[in-house]
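Novice: So that we are looking at the same thing, I have put the structure below in structure tokens.
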Amino acid sequence: MLDGSGIDAVIDWFARAGRELPWRASDASAWGILVSEIMLQQTPVVRVLPRWQEWMRRWPRPQDLAEAPTADVLRAWDRLGYPRRALRLQACARAIVEEHGGEVPVGLEALRALPGIGEYTAAAVTAFAHHERAVVADTNIRRVLVRCVRGEAFPGSTFTASQRALATEVLPAETERSVRWNQAVMELGALVCTSRSPHCEVCPLAPHCAWLAKGRPADSGTRARTQAFEGTDRQMRGRIMALLREGPASRERIAQLRTDEADDRVPRCLDSLVADGLAVVEDRTVRLP
DNA sequence: AAGACGGGGTC
DNA sequence: GACCCAGTCTT
């Protein structure tokens, strides 16, 4: 049962044990918070930290990023992964400049219309940057709620309608408290109620947790297999991008990235990178856009 | 609803 | 070597 006292326990825990992250600082801009949310999509905090610092020093306002050469943006993205996010972030900056006067828009609908911003990020920016009440549900929050209230080990890969209903139901009515709760429960999922080996012995929700009460049963259903990475197009795209970040490369140089005679990924991946706008081919040379 | 899309740390 | 990470976009 997750009642007001459970909410309080998590908020108190957060005040005590929450990390001091730069995008959580009181002087963080809405734009800085939005940038952090994009970078944190599928990328852990520790790897985002140094890239975010450099990024914000270099492009403190949407207008700055909007005007930057895309090649610089992709190099600054470095190895955060999913470089299409960097492209979308710059497109997002340009949309903010052109359609919102350079200010991060307020409201879920306006935010969701921006490139790279989906349901989660729109809610996160609404809560953390604009301090409004929003149903934030990332993988951490979904896991905590599913365990605590439903007694299940894992939330699954998709944000279901019933999970949305659960998150909505639990969200405190008062704005300030809802913002604090979102922040706190997300941090709880990141630090305590982790996917692999949760630290229930220090969890503020332990007295409220249905999953713990049931003896932490393993997942009943079949868990989705993690997709392999070795030998995939994603891996090769990453290798090509790593090469291009160092500078323009000849087609011959790119072709050498093939791992063996049977590896036919290079031409296909190069085409897909060009189609995505992540690479440009002119004559026999390949470079960042 | 399922698949594509990086990269690295951890157990 | 599988699993996980403040998801989004496209079929």
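Novice: Counting only trypsin sites (Lys or Arg not before Pro) that are in a DSSP loop and have at most 16 other C-beta atoms within 10 Å, tell me the longest site-free stretch of chain A. Could the numbers behind the result be given before it?
Specialist: Details: sites that count: A:19, A:79, A:196, A:214, A:223, A:225, A:258, A:284.
Longest stretch, sites excluded: A:80-195.
Novice: Still on this structure: Please name which of A:185, A:241, A:208 has its Cα lying farthest along the dipole of region A:183-289 towards the positive end, using unit charges on Cβ (Lys, Arg +1; Asp, Glu -1) and the Cα centre as origin.
Specialist: It is A:208, whose Cα lies furthest towards the positive end.
Novice: Once the piece of chain linking residue A:17 and residue A:235 is laid out straight, how much longer is it, given 0.36 nm per residue of separation minus the C-alpha distance between them? Please report the intermediate quantities before stating the final value.
Specialist: Values: separation 218, 0.36 × 218 = 78.48 nm, distance 3.68 nm.
Result for the pair: 74.8 nm of gain on full extension.
Novice: Given Cβ point charges of +1 (Lys, Arg) and -1 (Asp, Glu) and nothing else, what value in debye, to the nearest 20, does the dipole of region A:233-287 about its Cα centre take?
Specialist: Values: 11 positive and 11 negative charges, 39 e Å.
For region A:233-287, the charge dipole is close to 180 debye.
Novice: Please work out whether region A:9-76 counts as rounded, prolate or oblate from its C-alpha gyration tensor, where a ≥ b ≥ c are the square roots of the eigenvalues and a/c under 1.5 means rounded, while otherwise a/b larger than b/c means prolate and anything else oblate?
Specialist: Verdict is prolate for region A:9-76.
Novice: Once amide H atoms are built 1.01 Å from N in the peptide plane, which residues 5 or more positions from residue A:286, or in another chain, come under 5 Å H to H?
Specialist: Residues meeting the amide H criterion: A:249, A:250, A:251.
Novice: According to the square roots a ≥ b ≥ c of the eigenvalues of the Cα gyration tensor, what is the shape class of region A:30-128, taking rounded for a/c under 1.5, prolate for a/b larger than b/c otherwise, and oblate for the remainder?
Specialist: Values: a/c = 1.67, a/b = 1.20, b/c = 1.39.
Oblate, because a/c is 1.5 or more while a/b does not exceed b/c.
Novice: Here is a follow-up. About the Cα centre of chain A, how large is the charge dipole given +1 on each Lys and Arg Cβ and -1 on each Asp and Glu Cβ? Please answer in debye to the nearest 20. Walk me through the intermediate numbers first.
Specialist: Details: 39 positive and 37 negative charges, 138 e Å.
For chain A, the charge dipole is close to 660 debye.
Novice: Then there's this: Charges only on Cβ, +1 for Lys and Arg, -1 for Asp and Glu: so what's the dipole of region A:154-289 about the Cα centre, in debye to the nearest 20?
Specialist: Values: 19 positive and 18 negative charges, 41 e Å.
Around 200 debye, computed over region A:154-289.
Novice: Given axes a ≥ b ≥ c from the Cα gyration tensor, I'd like to know whether chain A is rounded (a/c under 1.5), prolate (a/b larger than b/c) or oblate.
Specialist: On the way: a/c = 2.51, a/b = 1.53, b/c = 1.64.
Cα axes put chain A in the oblate bin.
Novice: Also: Connecting C-alpha atoms closer than 10 Å in a GNM of chain A, tell me which of A:65, A:270, A:21 has the biggest fluctuation.
Specialist: A:21
Novice: Okay, next question. Of the candidates A:105, A:172, A:69, which one comes out as most mobile in a Gaussian network treatment of chain A with C-alpha springs shorter than 10 Å?
Specialist: Greatest mean-square fluctuation among the candidates belongs to A:69.
Novice: Give the residue list of GluC sites (Glu not before Pro) in region A:191-272 that are DSSP loop and have at most 15 other beta-carbon atoms within 10 angstrom. Intermediate values should be presented prior to the final figure.
Specialist: Details: sites: A:201, A:230, A:246, A:252, A:261; in loops: A:230, A:261.
Here the GluC sites (Glu not before Pro) that fit, given the DSSP loop and packing criteria, are A:230, A:261.
Novice: Still on this model: Could you give the length gained by full extension between residue A:57 and residue A:285, i.e. 0.36 nm per residue of separation minus their alpha carbon distance, to one decimal place? Don't skip to the end; give the middle numbers.
Specialist: Values: separation 228, 0.36 × 228 = 82.08 nm, distance 3.19 nm.
Net length gain for the segment: 78.9 nm.
Novice: Can you tell which of A:125, A:46, A:185 shows the greatest fluctuation in a Gaussian network model of chain A with Cα springs below 10 Å?
Specialist: Result for chain A, Cα springs under 10 Å: A:46 fluctuates most.
Novice: How are the C-alpha pair distances of region A:233-287 spread across 10 Å bins, as whole percents from the shortest bin up?
Specialist: 26, 63, 11
Values in this text are rule-based calculations from the coordinates and carry no lab data. Just so it is clear, the model here is predicted, and its values are computed rather than measured. All Cβ positions, even for glycine, are placed from backbone atoms using ideal geometry, and neighbour counts span all protein chains on display.
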